[in-house]
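The values are calculated or read from the model by the stated rules, or taken from the named source; none is laboratory data. Here the structure is a predicted model, which is why all the values come from computation and not from measurement. Cβ: placed from backbone, ideal geometry, glycine included. Neighbour counts: every protein chain shown. Areas reflect the complete protein model, heavy atoms only, side chains present, ligands, DNA and RNA absent. Shrake-Rupley method; radii C 1.70, N 1.55, O 1.52, S 1.80 Å.
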Amino acid sequence: MNATKICTGVMAAGLAISLLLSPVNVSATSQKNTELKQNIREIKSLTSKDYKDLEFLKPLLKDKTVVSLGENFHRVAEYSSIKTRLIKYLHEELDFDVIAFEAGLGDSFAAYENANSLTSKEMMERSIFPIWHSKETLGLFDYIKKQRESDKPLYLAGYDMQFTSGHLTQFIGNWISKVDKDQGKNYVEFEMQGLTDFYTVFNKYGMDNDNNPQAKKEIKKVKDEYEPKYEALIQFIKDNKEQLAAAYPKNPQMVNIAVKTLEDRIKFIEMGMYSTKESYEFRDRIMADNVEWLMKVMYPGKKVILWAHNDHLAKNTSKITTKEQGKWINSFTSMGELLHKKLKDKEYVMGLYMNSGKASTITTQKLFNIKPMPKGSLEHLMMQSGYKVAFADLSTHKSSNKNNAWMFNPIYAAEDGMTSEIVKPMSMRFVPKEQYDGIIVFDKVKEPTTKY
């Protein structure tokens, strides 16, 4: 190490000690933290059934019809724990009726419809993506299953257009077979083969095929082969909707769910032809439409909780800048931005962030460390409150002052971006007030518990 730097460091350390001993400096630091705490509340537990520490949420959420619960990375234990607790609170105290995941529309429907014959673990694994398969999330499915037998059910739904699991294929195939065995069998066979063909191309070229015409050409070939098969099956369902509805009398929306799911299969394959940003926007438009459909058709008049990544829920994502492959670019127009234009003050969006700890990569579940976030970041700022789990409401702040100026000015935060497998500090920049109504920051996190 350079000797000059060592000496400078010693001098700086001595100066820092003398300043710390000064009562003027202590007073200034204390005042700054007190001012910060005026706008930050402590969440004392991730699991408690005693909701006293969440009571401050009631006046904020009592008139909302949608509450969105985000996360800046998928594989974090504490995120699933706090979301599970918040969902229970919203259901029990504020009469929210539906929990809708960033997961397949049809998959979640089928899992909830068959809840009586499935364990909580089977419900979870058949309805949502593996990124959330954990002990922390399983507690929510225990709760959903239990509430299903009560006079106050919590409905499980999904709004994504992506393929989630093969169980839905079997479910729809068995249903169609009750009217036409050949159609049911044919559907199962061509769907599984079509998805195999799609993923063969996708895995061959990877996620980042923006500038690869050959990848797009091969995806288009898959789409051209299977789109007519899906369209023919959709037409069969529409032509025989009365018989098919009678074959599944438990839910009058079965025909609509099947049609929307099969239409989404075509779109899912088509999405592979677009650039990364284009595919995000394409998917999010469909997810926004699916959320609106759930609210208008499946669950009219019911209050809905949305579970997804921050990137899909924030209110003005196109104003966010994000660091992608070393370059700062504008983010995409998300489902959250599209919904915010329609829901406006009837929605409350919470963004979740972490200061330090461990998480695991999305595809390989490999552990990685998260060092404490640096000065200048949202996470570092909120951790100055001294709370292990800090909550800030932004919705009631209409103008900037010395205590809340950070809400109205650009700030950095950690993010995994559109393609990254890990969270990277200071890789996103946005004005908090433009994106969220509330923010939760965890001082320290860990990877999900995958043994459950």
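Which FRET efficiency, nearest 0.05, do VAL297 and GLN243 yield, Cβ-Cβ r, R0 22 Å? Don't jump to the answer; show the numbers that get you there.
Numbers: r = 21 Å, r/R0 = 0.97.
About 0.55, to the nearest 0.05.
Per-residue SASA remark: TYR51, around 20 Å² accessible (1.4 Å probe; ligands, DNA and RNA not included). Rounded to the nearest 5, the antiparallel percentage of DSSP beta bridges internal to the chain is 45%. Determine the share of the chain's accessible area contributed by carbon and sulfur atoms, expressed in whole percent, with a 1.4 angstrom probe. That fraction is 53 percent. Rounded to the nearest 10 square angstrom, ILE172 shows an accessible area of 0 square angstrom against a 1.4 Å probe.
Looking at the chain, the accessible area is 46 square angstrom per residue; that uses a 1.4 Å probe and ignores ligands, DNA and RNA. Angle check, please: helix 181-205 long axis (alpha carbons) against the longest principal axis of the chain (alpha carbons), in degrees 0 to 90, nearest 10. For helix 181-205, the angle is close to 40 degrees.
Taking each DSSP H run with n ≥ 4 as -39500 (n - 2.57) and averaging over every residue of the chain yields -15500 deg cm²/dmol at 222 nm. Among the trypsin sites (Lys or Arg not before Pro) within region 202-279, those in coil by DSSP and having at most 11 neighbouring Cβ atoms inside 10 Å are LYS250. Name all residues of region 406-433 having a backbone nitrogen under 11 Å from the label point set 7 Å from the Cα of LYS366 along its Cα→Cβ direction, giving them as ranges. Flagged as within label range: 421-422.
Using only the Cα atoms of region 313-423, build the gyration tensor, take square roots of its eigenvalues as a ≥ b ≥ c, and label the shape rounded, prolate or oblate: rounded if a/c is under 1.5, else prolate if a/b is larger than b/c, else oblate. Oblate shape, in that a/c is at least 1.5 and b/c is the bigger or equal ratio.
Once the Cα atoms are used to define both axes, helix 135-148 deviates from the longest principal axis of the chain by about 50 degrees.
What is the extension gain from ASN203 to ARG285, computed as 0.36 nm multiplied by their sequence separation minus the C-alpha to C-alpha distance, in nm to one decimal? Could you put the intermediate results ahead of the total?
Numbers: separation 82, 0.36 × 82 = 29.52 nm, distance 2.47 nm.
Taking ASN203 through ARG285 to full extension adds about 27.1 nm, to one decimal.
What is the helix-to-structure angle for 77-94, meaning the angle in degrees between its Cα long axis and the longest Cα principal axis of the chain, kept from 0 to 90 and rounded to the nearest 10? With rounding to tens, the tilt is 70 degrees.
Placing a pseudo-label 7 Å from each Cα along the Cα-to-Cβ vector at ASP182 and GLU231 gives an inter-label distance of 2.2 nm. Between LYS220 and GLN170, the simple spin-label model (points 7 angstrom out along Cα→Cβ) gives 3.7 nm.
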